[in-house]
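Enquirer: If you scroll down you'll find the structure; I have some questions about it.
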């Protein structure tokens, strides 16, 4: 059996006396498209920060590619698109191509000139997200949805084995959200990239992912969307008793 790309065991985290995560166990296997969902304040972003080595857990352990996170050094294997990518400074004077090039600095070094091969990788990443014709355009001239795809290209240009995205569709219009999920499906199915996506939109996510993880301090569910549909009580446990899922249109209502 394949080694998990991410393995979280009995993970707990607290700020002072405030418990943010309690005894979380989670595995992300190669080829998974995992949707991590839960209400605001449920610990989703905290869990990501621990997985990315930005926070230390209060107890429990994290392994990346089979290695304890404290000894893991191969960070280019993990691509990351943060929430902040969607609130990018529109006055920043850089072209699309230049932004994507910064995704290679972790591999080639900050002050080294990029080779022709590196430049080709940048164009390939832009092709993957459908923006190759915008390479020389200033990023400020792009729509929110296009800017989002630039940052996805930046994250995948170093050819990571897993791509982690934190609330990537916040503030993006409906058409761009649809294009985003089409792109995620392509990366997962055609390129074999493992994906972990954090979202509050459980209706949309349930329709698109291969695995669903429902978090609200504790992990209430981790399995396939079909298994989730069969266990309707999970939604109430994660979001509270007032929440229900509309399955036909995949939106959430109260």
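Here, each number is a calculation from the coordinates, and none is a lab measurement. All of these numbers come straight from a predicted model, not from anything done at the bench. Quick reminder, even Gly has a Cβ in these numbers, built from the backbone with ideal geometry, and neighbours come from all protein chains shown.
Enquirer: With each run of n ≥ 4 DSSP H residues scored as -39500 (n - 2.57), what mean residue ellipticity at 222 nm is computed for the chain after dividing by its residue count and rounding to the nearest 500 deg cm²/dmol?
Expert: -9000 deg cm²/dmol
Enquirer: A further question on this structure: With 10 angstrom as the radius, rank 29, 230, 184 by how many other C-beta atoms surround their C-beta, starting from the fewest.
Expert: Taking fewest neighbouring Cβ atoms as first place, the list is 230, 29, 184.
Enquirer: Here's a follow-up. Using the 2.2 N^0.38 Å rule of thumb for compact globular proteins, work out how the stretch 6-253 stacks up: its C-alpha Rg over that value, please. Please list the in-between numbers first.
Expert: Numbers: Rg = 18.4 Å, N = 248, 2.2 N^0.38 = 17.9 Å.
Normalised by 2.2 N^0.38 Å, the Cα Rg of the stretch 6-253 equals 1.03.
Enquirer: Hey, can you rank 221-227, 146-152 by average C-beta count inside 10 Å, highest first?
Expert: 146-152, 221-227
Enquirer: Set the Förster distance to 22 Å, then compute FRET efficiency between residue 120 and residue 190 from the Cβ-Cβ distance, nearest 0.05.
Expert: It comes out at approximately 0.70.
Enquirer: Which value in nm describes the separation of the simple spin-label points at residue 161 and residue 74, placed 7 Å from the Cα toward the beta carbon?
Expert: Between residue 161 and residue 74, the simple spin-label model gives 0.5 nm.
Enquirer: Which of 115, 71 has the fewest other C-beta atoms within 10 Å, and how do the rest follow up to the most?
Expert: Lowest count first: 71, 115.
Enquirer: Taking the chain as a Gaussian network, Cα atoms linked when under 10 Å apart, which of 118, 166, 32 shows the biggest mean-square fluctuation?
Expert: Between 118, 166, 32, it is 118 that shows the largest mean-square fluctuation.
Enquirer: Let me ask you something else. With the convex hull built on the Cα atoms of the stretch 16-90, state its orientation-averaged projected area in nm². Walk me through the numbers before you get to the answer.
Expert: Numbers: hull surface 27.5 nm².
Convex hull of Cα atoms, orientation-averaged projection: 6.9 nm².
Enquirer: How far is helix 174-189 tilted, in degrees, relative to the longest principal axis of the Cα atoms in the chain, given as a value from 0 to 90 rounded to the nearest 10?
Expert: 90 degrees
Enquirer: Using Cβ contacts closer than 10 Å as the measure, can you line up 237, 208 from fewest to most?
Expert: Fewest-to-most Cβ neighbours within 10 Å comes out as 237, 208.
Enquirer: Specify the residue with the greatest mean-square fluctuation among 43, 31, 233, computed from a Gaussian network of the chain linking alpha-carbon atoms under 10 Å apart.
Expert: Highest fluctuation of the listed residues: 233.
Enquirer: Right, next: Under 8 Å for C-alpha pairs, at least 6 residues apart: give me the relative contact order for the chain, rounded to a whole percent. Before the final figure, lay out each step's value.
Expert: Details: 461 pairs, mean separation 64.4, N = 254.
Dividing the mean separation by the residue count of the chain yields 25 percent.
Enquirer: Take every DSSP beta bridge whose two residues both sit in the chain, then give the antiparallel share in percent to the nearest 5. Walk me through the intermediate numbers first.
Expert: Working: 23 of 41 bridges.
Within the chain, antiparallel bridges account for around 55 percent of the total.
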